[in-house]
Amino acid sequence: MTSLAVANPGSLIQSVDWVAIAPPLIAAVAALAVLLTDLFLPERHRKWLGRLAAAGLALALIALLPLIGGSPRATFCVQNVAGGSDNAGCSYVADHFALVFQLLALGGALIAALLSAHTVEEEKLPGGEYWFLLLSSATGAALLPASRDLATMVIALEVASLPAFALVALRRDGRGAEAALKFFVSSVTATAVMLLGVGFVYAASGSLHLGAVAQGLEHAPGQLKPLAEAGAVLTLVGFAFKVAAVPFHFWVPDTYIGAPLPVAGYLSVVGKAAGLSGLALATTIAFRPYAHTWGLVLAVLAAVTMTVGNVGALRQRFDTRHSAVRLLAWSSVGQAGYLLVPLAAAGYAPTGVDPLGATAAYALIYGVVNLGAFGVVAAVGRRAGTSVDDFRGLFARRRWTALALAFFLLCLAGLPPGVIGLFGKVVVFRAAVDAGLGWLAVVMAANVVVALYYYLLWTTRLFAPAPGAEEGAEPGAAPVGEAGAEGRLPATLTATLGLTASVAVVLSFAPQLVLQVAGGSLF
């Protein structure tokens, strides 16, 4: 009879590092707490669900503090896995890279939650379901940058994506269902292709852990190399979809328009951060043996993505309905191209040089100012509309809101006084030049100039005379302030605009708070 006993049963039992996994775990527990509380909470107290969700995300952010400054912490490890580091056999690693992108994911989700409070109430969205889905998606987005095997990465990507489909569909005006369907069908197709690629990579390398995959691909038999190369390409498709890189960008404009505005802002920042972190991990760790191949592919992808995004934004008519949201959607595609530049540079960078810090720094800057811009669009859309022409004369009606949007747009354009946006673009430029990708830096420079046009055109609308001001305004009439005819903004919306504007201003005066991320290695 065969004995099922093992020599050392204790080796099968692992201790879980609860401190390391606390950030995504707290977000997941908060999601369950919101769902259970919704069952027993009276209708008149449903506002507390949003406060509970925001508190959960704030606690998840606080849980990052014990992980800062120390050596990387790893858990869910197996023995005898070969790789390039001591944590090669671990499925979860809380290193510098993971912490930066978890800060972006959880911080972006918290801002989106503050932005959502009035939307859930005014659009009569189901509160319990909304907050549960938002927290669940944020859990997946926080888990992905710490994942160190392909299986965990795929699961984390789907945990981030599946609730997002439902969030888009919660808007009950016809557009939400159509937008969610486009988002869902295209995402499922990308995921299916990605899973096929993961299967190919596993067959060629014999492992799913990223470090072991790199070693397996480097020593793969000659007859398996075509399979491995095809698997690497297919695996990157799913992450490229989440980043909204061309040609996987076609879902973005319609989805952003059909979704509630806070969800559109969430997808533009947190969804992009999740895809970007997965793309960085897969390329720089698992597919390192093919660095020059994927480096060239990502460089071309970055050039095409920023060009298509900026040209798409340039073609928008300002007088059409939802043109402001559509402009931000195309702008986010263009910004995705900038974010891909340091990733492409990582394929050409010499040993010891890590351009990924430029991507992380730029992603943090972009996340703050883009969510702020979506917040202003949500504020104006409550009483006016979401076409760019609806912002004409905003300074006369809501001077602080107009100044905030002007500052966000200048940051996105990379112009003073949006100094932090300028520094972010300079860091990305430097990553491309240092890697010998001068042609990509030239393409980026041309796109930055193109983007200046539509960002500045929108900015000038804010300070132009309001419609009808020339004909019927009383000469001595005072401009409408923040509490004028359009009414006061909800407290949570005011807090969102104040928070994002304050962070952007502080970073413009002290850019080293973010740009120091670009100075060292993230792994």
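Remark on the chain: Cys411 stand apart, with no other cysteine beta carbon under 4.7 Å. Projecting the Cα atoms of Cys77, Leu236, Thr496 onto the dipole axis of the chain, where Lys and Arg carry +1 and Asp and Glu carry -1 at the beta carbon, places Thr496 farthest toward the positive end. For the chain, take the longest principal axis of its alpha carbons; what is the angle in degrees between that and the long axis of helix 225-243, to the nearest 10 within 0 to 90? With rounding to tens, the tilt is 30 degrees. Taking Cα atoms only, the orientation of helix 438-463 departs from the longest principal axis of the chain by about 30 degrees. Between Ala464 and Val311, the FRET efficiency from the beta-carbon distance, with R0 = 25 Å, is close to 0.50.
For Cα extents along the principal axes in Å, pick the label among (1) 104, 60, 42; (2) 72, 47, 47; (3) 96, 59, 42 that corresponds to the value derived from the coordinates. Given (1) 104, 60, 42; (2) 72, 47, 47; (3) 96, 59, 42, the calculated one carries the label (3). For the chain, lysine pairs separated by 8 or more sequence positions, or belonging to different chains, with Cα-Cα distances below 26 Å total 7.
Atom-type composition of the exposed protein surface of the chain places 67 percent of the accessible area on carbon and sulfur (1.4 angstrom probe). Between 0 and 90 degrees, rounded to the nearest ten: what's the tilt of helix 47-62 against the longest Cα principal axis of the chain? Orientation of helix 47-62: about 50 degrees from the principal axis.
Using heavy atoms of the protein chains and a probe of 1.4 Å, the accessible area assigned to Lys47 is about 120 Å². Residues in the chain average 40 Å² of solvent-accessible surface per residue, probe 1.4 Å, ligands and nucleic acids excluded. When both the stretch 299-334 and the stretch 169-187 are represented by their alpha-carbon centers, they are found 20 Å apart. Summed over qualifying helices (DSSP H, 4 residues or more, each -39500 (n - 2.57)) and divided by its residue number, the chain shows a 222 nm mean residue ellipticity of -22000 deg cm²/dmol.
Among 228-238, 137-147, 211-221, sorting by the average number of other beta carbon atoms lying within 10 angstrom of each residue, highest first, gives 137-147, 228-238, 211-221. For a test of the definition: using alpha carbon positions, the gyration tensor, and the 1.5 limit on a/c, classify the stretch 177-270 as rounded, prolate or oblate. Prolate is the answer for the stretch 177-270, as a/c is 1.5 or above and a/b outweighs b/c. Using the average count of surrounding beta-carbon atoms within 10 Å as a protection proxy, the listed peptides 303-310, 341-348 rank, highest first, as 341-348, 303-310.
The orientation-averaged projection of the convex hull spanning the C-alpha atoms of the stretch 202-335 amounts to 8.4 square nanometres. Thr401 exposes around 10 Å² of accessible area when a 1.4 Å probe is run over every protein chain in place. Prolate is the label for the stretch 238-297, because a/c, from the alpha-carbon gyration tensor with a ≥ b ≥ c as root eigenvalues, is 1.5 or above and a/b exceeds b/c.
The values are calculated or read from the model by the stated rules, or taken from the named source; none is laboratory data. Computed from a predicted structure; not experimentally measured. FYI the Cβ positions are ideal-geometry reconstructions off the backbone, even for glycines, and counts take in every protein chain you see. Side chains included, ligands, DNA and RNA excluded: accessible areas come from the protein's heavy atoms. Shrake-Rupley method; radii C 1.70, N 1.55, O 1.52, S 1.80 Å.
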